[in-house]
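The block underneath contains the structure these notes are about, expressed in structure tokens.
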Amino acid sequence: MNSFIKTALVALSLATAGLSVSAPAASAASIGISIDGSGASVQLVRDHGRNDGWRRDHGRRDDWRRHGPRRDGICAPQRALNKARHMGVHRARVTDADRRIVKVRGVHRGHRVNVIFANARGCPVIGYR
């Protein structure tokens, strides 16, 4: 009986030491300790397939509540401003927008520039002065 208690205590101490070392590495794991007549055993069970219904891209695609309805066929003024800023135009502002074009004015490398976008899908650049 004495050796059984010693074995159980050693298994328990090894399990707690292993838990503190492996806790950050195996966050989706559970530990099971069983003590029976034949000795003590420690099991580490990892569940790789479980994600609790959470998706990585949840809420990123077609989230119309945050960004409004998708309008792929036209070049919205805000989309033209974002594209001009990505082109390196500072202090960009929309100066004119009609059914065919969206004009954006700003500063690029110290010079005033006018960027003209077509009012089509993807806001293609049709003029840059």
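Just so you know, all these numbers are worked out from the coordinates, no wet-lab data involved. It should be emphasised that the depicted structure is a prediction, and the values quoted were computed from it without experimental measurement. In this analysis, Cβ positions are derived from the backbone assuming ideal geometry, glycine residues included, and neighbour counts consider all displayed protein chains.
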PHE4, PHE117 arranged by Cβ crowding within 10 Å, fewest neighbours leading: PHE4, PHE117
Long-range HN-HN contacts of ALA97 with modeled amide H, under 5 Å: LYS103
5 angstrom amide H check on ASN119, placed H, neighbours 5+ away: ILE101, VAL102
Full-extension gain in nm, ARG112 to ILE74, via 0.36 nm per residue minus C-alpha separation: 11.1 nm
